[in-house]
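Reading through the structure tokens given below for one structure.
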Amino acid sequence: MATAAPQASVQPARPSMFSSLRNRNYRLFAAGQVVSNTGTWMQRLAQDWLVLKLTGSAMALGITTGLQFLPMLLFGLWGGAIADRYRKRPLLIATQTVMGLLAATLAVLDLTGAVDVWHVWLLAVGLGLATAVDNPTRQSFVVEMVGRKDLPNAVSLNSANFQLARITGPAVAGLLIAAIGTGWVFAVNAVSYAAVIAGLAAMRERELNPVVPVRREPGQLREALRYVRARPDLIATFALVGFIGTFGFNFAVTLGGFANQVFHAGPGAFGLLNTVFALGSLAGALLAARRGRSRMRMLIGAALAFGVLSVAASLMPGYWSFAIALIPIGIAGITFNTAANSTVQLGVDAALRGRVMGLYMLVFMGGTPLGGPLVGWIAEQFGPRAALFFGGAVSAAAAVAVGLVLARNSGLKVRVRVRPHPAVHLVDRAPSTSPEPVAV
């Protein structure tokens with residue numbers, strides 16, 4: 001009697017680290033972003049150094065950061081609505097053009113010796129206005145290029161792209177500032193936007209998966225708010241993103257203070273701190289690219305790790321020990337960012353994606369006008385160590401609070417088993433027919 005041969009078990013394919021790059025349109029997008037992100041990071045360091053040179057004030061640096069993100073707080077939702085109402089590729093070409101012109105203006109002011117701190121602040125507001133439209137448009141455009149299956153991978157690769165630029169940008173900027181000054185760094189950044197515009201223009205329209213633009217109607221912003229309010233998972237994610245984005249991710253203020261005030265170093269050492277931090281972030285992004293969809297417990301764990309590691313770094317005694325401590329902070333921070341971004345994008349309706357991502361970016365970046373000056377004030381009054389400690393402590397506390405609320409609302413409690421080995425499990429309070437523990 002013939003018997004059927006046993007079937008080999010089919011193992012799920014492990015995600016490829018670079019699967020999104022099989023898509024031609026995404027390759028063009030990523031290539032342009034490498035160039036433009038490098039220029040952006042060069043300008044960030046040059047702008048910070050210029051403000052410190054003009055004012056010598058950490059609080060002025062915090063105000064600059066706050067003003068750049070203030071439009072996201074005020075107009076982030078409207079930026080998301082614009083992203084839903086128009087075709088995203090032409091809209092991105094327009095926003096990138098405006099950003100390039102703003103960088104060119106700052107370059108001319110600096111090179112002619114006419115720049116004052118109020119010029120920097122005014123142009124920071126202009127950049128923030130363009131960013132309020134560009135960010136939700138760019139975030140929601142990714143799924144139109146690669147589809148839902150490769151979206152988590154593309155989000156992670158975008159973060160890796162951003163962090164790779166963060167490694168090279170500050171290092172090059174530090175050398176250029178020391179050699180020829182900040183003005184030429186701004187000029188290089190202005191030219192770098194041409195790479196993004198060229199990549200967008202060269203895309204094949206037929207290979208995109210565009211979402212049909214939403215007609216302008218009253219109540220569209222309220223619709224997005226109601227949608228998020230009805231989703232506890234989104235509310236929890238937004239809460240974590242809000243606290244950590246507002247109080248934790250203020251390294252533009254704290255790293256400059258550590259380099260200038262704590263370690264009494266120059267622009268090269270400041271650039272190196274940014275580079276080391278980006279190395280950790282790049283490693284975290286590449287690790288995230290191999291994962292599938294994120295779970296809430298990983299999101300909370302990454303947020304908690306980021307806060308605890310930030311507190312530990314604030315206590316490091318020397319320049320090199322502090323620099324090394326930035327690596328795991330970068331890993332934890334980018335793990336949190338990519339998990340939060342892909343969780344939101346994959347969990348929302350396509351017609352609302354622009355508005356929800358506008359709200360996401362509002363929460364993530366819009367709190368910086370409050371957190372930036374506050375952290376800058378703490379750095380000025382009590383020192384950069386106190387500022388970094390404060391940001392890390394708030395981030396860790398937020399992670400613990402959100403985790404406890406989710407556990408309580410899900411009917412979970414902690415049970416400790418002593419035999420045969422100590423272990424901690426989450427179990428449902430209500431009677432259940434399943435013997436498996438319930439995980440968050």
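The values are calculated or read from the model by the stated rules, or taken from the named source; none is laboratory data. Because the structure is predicted, anything quoted here is derived from the model rather than measured. Here Cβ is always computed from backbone atoms with ideal geometry, including for glycine, and neighbour counts include all displayed protein chains.
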Test set (1) surrounded by 24 or more Cβ atoms within 10 Å (Cβ to Cβ); (2) within 17 Å of ARG166 (Cβ to Cβ); (3) β-branched (Val, Ile, Thr) - ILE327 fails condition number: (1)
Residue ID - farthest from TYR360 (Cα to Cα), chosen from residues in segment 222-272 that are without any contact (Cβ under 8 Å) to a residue 24 or more places away in the chain, surrounded by fewer than 24 Cβ atoms within 10 Å (Cβ to Cβ) and more than 22 Å from the chain's Cα centre (by Cα): HIS264
Residue, nearest to PHE258 (Cα to Cα), within segment 280-324, restricted to residues that are buried (at least 21 other Cβ atoms within 10 Å of the Cβ) and of a type in the set (Ser, Thr, Tyr): SER314
Residue in segment 192-210 that is closer than 22 Å to ASP110 by Cα and buried (at least 17 other Cβ atoms within 10 Å of the Cβ) present: yes
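Please work out if LEU21 is modelled with pLDDT of 90 or more and either under 25 Å from GLY354 (Cβ atoms) or touching a Lys or Arg at 6+ places or on another chain (Cβ under 6 Å) (or both).
Working: modelled with pLDDT of 90 or more: no; either under 25 Å from GLY354 (Cβ atoms) or touching a Lys or Arg at 6+ places or on another chain (Cβ under 6 Å) (or both): yes.
The answer is no for LEU21.
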Pairs with Cβ under 6 Å, 6+ apart, first in segment 109-129 and more than 23 Å from THR97 (Cβ to Cβ), second hydroxyl-bearing (Ser, Thr, Tyr) and surrounded by fewer than 19 Cβ atoms within 10 Å (Cβ to Cβ): VAL117/THR55
Neighbours by Cβ (under 8 Å, 6+ apart or cross-chain): first from segment 353-382, of a type in the set (Lys, Arg); second not in a helix (DSSP H, G or I): ARG353/VAL211
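Residues checked against (1) surrounded by fewer than 18 Cβ atoms within 10 Å (Cβ to Cβ); (2) in contact with a Gly (Cβ under 9 Å, 6 or more places away or on another chain):
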| position | (1), (2) |
| --- | --- |
| THR65 | no, yes |
| PHE69 | no, yes |
| MET72 | no, yes |
| PHE75 | no, yes |
| ARG85 | yes, yes |
| ALA94 | yes, no |
Residue in segment 266-274 that is part of a loop (DSSP other than H, G, I, E, B) and under 24 Å from LEU52 (Cβ atoms) present: yes
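Does at least one position in segment 146-166 carry a residue that is touching a Gly at 6+ places or on another chain (Cβ under 6 Å), assigned to a helix (DSSP H, G or I) and not hydroxyl-bearing (Ser, Thr, Tyr)? I'd like the intermediate steps shown before the answer.
First pass over segment 146-166, keeping only residues touching a Gly at 6+ places or on another chain (Cβ under 6 Å): none.
Taking every residue of segment 146-166 in turn, none turns out to be touching a Gly at 6+ places or on another chain (Cβ under 6 Å), assigned to a helix (DSSP H, G or I) and not hydroxyl-bearing (Ser, Thr, Tyr).
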Count - residues of segment 106-136 that are modelled with pLDDT of 90 or more and touching a Gly at 6+ places or on another chain (Cβ under 7 Å): 4
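Test LEU106 against the stated conditions and say whether it is more than 29 Å from THR338 (Cβ to Cβ) and surrounded by 17 or more Cβ atoms within 10 Å (Cβ to Cβ). Even if it seems obvious, please write down each step before you answer.
Working: more than 29 Å from THR338 (Cβ to Cβ): yes; surrounded by 17 or more Cβ atoms within 10 Å (Cβ to Cβ): yes.
Answer is yes for this residue.
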So VAL142, is it modelled with pLDDT under 90 and among the hydrophobic types (A, V, I, L, M, F, W, C): yes
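Determine, yes or no, whether THR137 is closer than 27 Å to THR338 by Cβ, among the β-branched types (Val, Ile, Thr) and in contact (Cβ under 8 Å) with a residue 24 or more places away in the chain. Steps first, please.
Details: closer than 27 Å to THR338 by Cβ: yes; among the β-branched types (Val, Ile, Thr): yes; in contact (Cβ under 8 Å) with a residue 24 or more places away in the chain: yes.
It is true that THR137 is closer than 27 Å to THR338 by Cβ, among the β-branched types (Val, Ile, Thr) and in contact (Cβ under 8 Å) with a residue 24 or more places away in the chain.
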